[in-house]
Amino acid sequence: MHSSLRDLLITPAEMAAMDLAAARSGIDSFLLMRSAGLAVAAAALRRFPQAQRYAVLCGPGNNGGDGYVAASALVESGANVAVFAFGDPAALSGDAARARQLWNGTIDPLASFLPQPADAIVDALFGAGLSRDLPEPVVETIDRINGRDLPIIAVDLPTGVDGRTGQICGAAFAASHTVTFMAKKPGHLLLPGRSLCGALDVFDIGIPARIVLAGGKGLRVNTPALWSDHAARLDASSHKFRRGHLVVFSGGPQATGAARLSAAAGLAAGAGLVTVASPTSALDINAGHLTAVMLKAIDDPPGLERWLEDSRLGAFVLGPGFGVGERARAFALALCDRALVLDADGITSFQQHRSQLFARLAAAPGRAVMTPHEGEFARLFPEIARDENRSKIEKAQSAAQISHATIVYKGADTVIASPDGKVAVNANAPPSLATAGSGDVLAGIIGAHLAQGMPAFEAAAAGVWRHGTAGAKAGPGLTAETLVASIPPLG
Ligand SMILES: NC(=O)C1=CN([C@@H]2O[C@H](COP(=O)(O)OP(=O)(O)OC[C@H]3O[C@@H](n4cnc5c(N)ncnc54)[C@H](O)[C@@H]3O)[C@@H](O)[C@H]2O)[C@@H](O)CC1
Ligand SMILES: [K+]
């Protein structure tokens, strides 16, 4: 595959437009379908050679067309194949009708399909064209097959998964393996879709890379290719100030741990200096737990303003354990024109004051990153959160636009979006990352990147990726502390 396609995500609508563009440039669309079907047959034979029967379930569109090509290729290779169709196969049109003519065997109605113990199932019912909830007979078939522990190879997407949103349209196959074409779709990465795809293969069916790249809107999988050019080039001779000075704000005496976790993560992630800015009332308890991290008493907004005159302060993390309320708002508003990670309580504090925050971020653009999980996202962006028609990607994009901040919409499928339209979906986070303090660590890593001068989107995307890698390295029993100790090098 063309290397620049590897991290690209294309929506089903973009894919359909590319299909047209390919046809306009003289490429025979049936040959694309043929390549797709052959790739599916090859995957079925390679992955499930022990199957005594390949049951190919074909739908009413081009996804079904791929299925007929795969069925014919499987028979040619000597396999035992049975085809079951949803809808009237005689009503197929275009390339799918041509593909059906390749198939010389019988076609039974989908409703008559009885799974047998040694079946491997090829799911070619619906793919990128799925636009509404599945019809009842298809839902019944899926219910009959899921849970039977049979291998299922999904063509393009597991039937029932919306390729744009990853949402389930009534029901969906839980595939063991999915074969998709040219590039991943958002539904392969966004939950719950991702958990239904099984192993994912992306197969190049021959649409020229120039058409795919021109047709994509810049959605990306989060990988180092996105941000490694911006990663600070650290070497042993870097002066500690050149490696950036990160400030993390602590809560009161009862709530200091979260800030210290962020600070430790910031240091481990490469900030040259880290200071915990603490209310005087919590200085002693913070001092008792800090060694390499410095400590500074900051009690109120005037105290903060005076300290900000020190130009060596590079970036700020505000929110973990800080407390919700007026003081958090005043601190955040004073930092909007700086490199700021606004997390946790820092976000919740603006639930009733959203426009004040967004106006300040718009008027004094700095490098602001907000890191809401689902609940915090709904507090800050209630209208966007409620809109069930939008994907998580589209929600993060809208939130970044209206807030003028880079948004890290957290979850097992974290989406990073910038106000100027850059978007990435993260896919390297293990489930064990959902643990207490994990978000504080993420905020600290992003803060360290900002302190080293990375632009906000790249700082955030690199932070999410390193956090995921650290989670994988720390293993299933991870704690926030072992997570900090597992943060990998940036370069
Ligand atoms: N775009 C491309 O470049 C290529 C696409 N190919 C295949 O073509 C597929 C897309 O084909 P189609 O656009 O024909 O779409 P599908 O085959 O996914 O769906 C068929 C049609 O069913 C209808 N439909 C949608 N939701 C429905 C529902 N809930 N109940 C009943 N009917 C519903 C729609 O009219 C849709 O067009 C891809 O997933 C892929 O498998 C391949 O043949 C290779 C080339
Ligand atoms: K499918």
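Summary table
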item: Contact order normalised by residue count of segment 3-217, Cα under 8 Å, 6+ apart, percent; result: 23
item: ³J(HN,Hα), Karplus 6.51/-1.76/1.60, whole Hz, each residue of segment 278-283, x for Gly, Pro; result: 10, x, 3, 4, 10, 4
item: For residue 275, distant residues with modelled amide H under 5 Å away; result: 246, 247, 248, 294
item: Amide proton proximity set for residue 251, modelled H, under 5 Å, gap of 5+; result: 259
item: Contour excess over end-to-end distance, with Cα ends at residue 6 and residue 199 and 0.36 nm allotted per residue; result: 67.9 nm
item: Backbone HN-Hα couplings from phi across segment 341-348 [Karplus 6.51/-1.76/1.60, Hz, Gly and Pro as x]; result: 9, 9, 10, 6, 4, x, 6, 4
item: Residue 291 paired with residue 209, simple spin-label distance in nm, labels 7 Å along Cα-to-beta-carbon; result: 4.9
item: Interchain or long-range residues, amide H under 5 Å from residue 486's placed H; result: none
item: FRET E, pair residue 31, residue 136, Förster distance 30 Å, beta-carbon r, rounded to 0.05; result: 0.25
item: Loop sites in segment 275-356: GluC sites (Glu not before Pro), DSSP, at most 10 other Cβ within 10 Å; result: 309
item: Given charges at beta-carbon only (K, R positive; D, E negative), |dipole| of the chain in Debye; result: 1000
item: Relative compactness, the chain, computed as alpha-carbon Rg over 2.2 N^0.38 Å; result: 1.11
item: Label zone at residue 20, where the point sits 7 Å out along the Cα-to-Cβ direction: segment 194-232 residues whose backbone N lies under 19 Å; result: 207-208, 210-218
item: Calculated diffusion of segment 224-485, Stokes-Einstein form, Kirkwood radius summed over Cα pairs, 37 °C and 0.692 mPa s, µm²/s; result: 184
item: Estimated FRET transfer efficiency when R0 is 51 angstrom, pair residue 364-residue 473 (beta carbons, to 0.05); result: 0.85
item: Beta bridges per DSSP with both ends in the chain, % antiparallel, nearest 5; result: 15
item: Where Cα atoms sit under 25 Å apart: lysine pairs in segment 224-485 separated by 8 or more or lying on different chains; result: 7
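All of the numbers you see were taken from the coordinates with simple rules; none came from a lab. All values derive from a computational prediction rather than experimental measurement. FYI the Cβ positions are ideal-geometry reconstructions off the backbone, even for glycines, and counts take in every protein chain you see.
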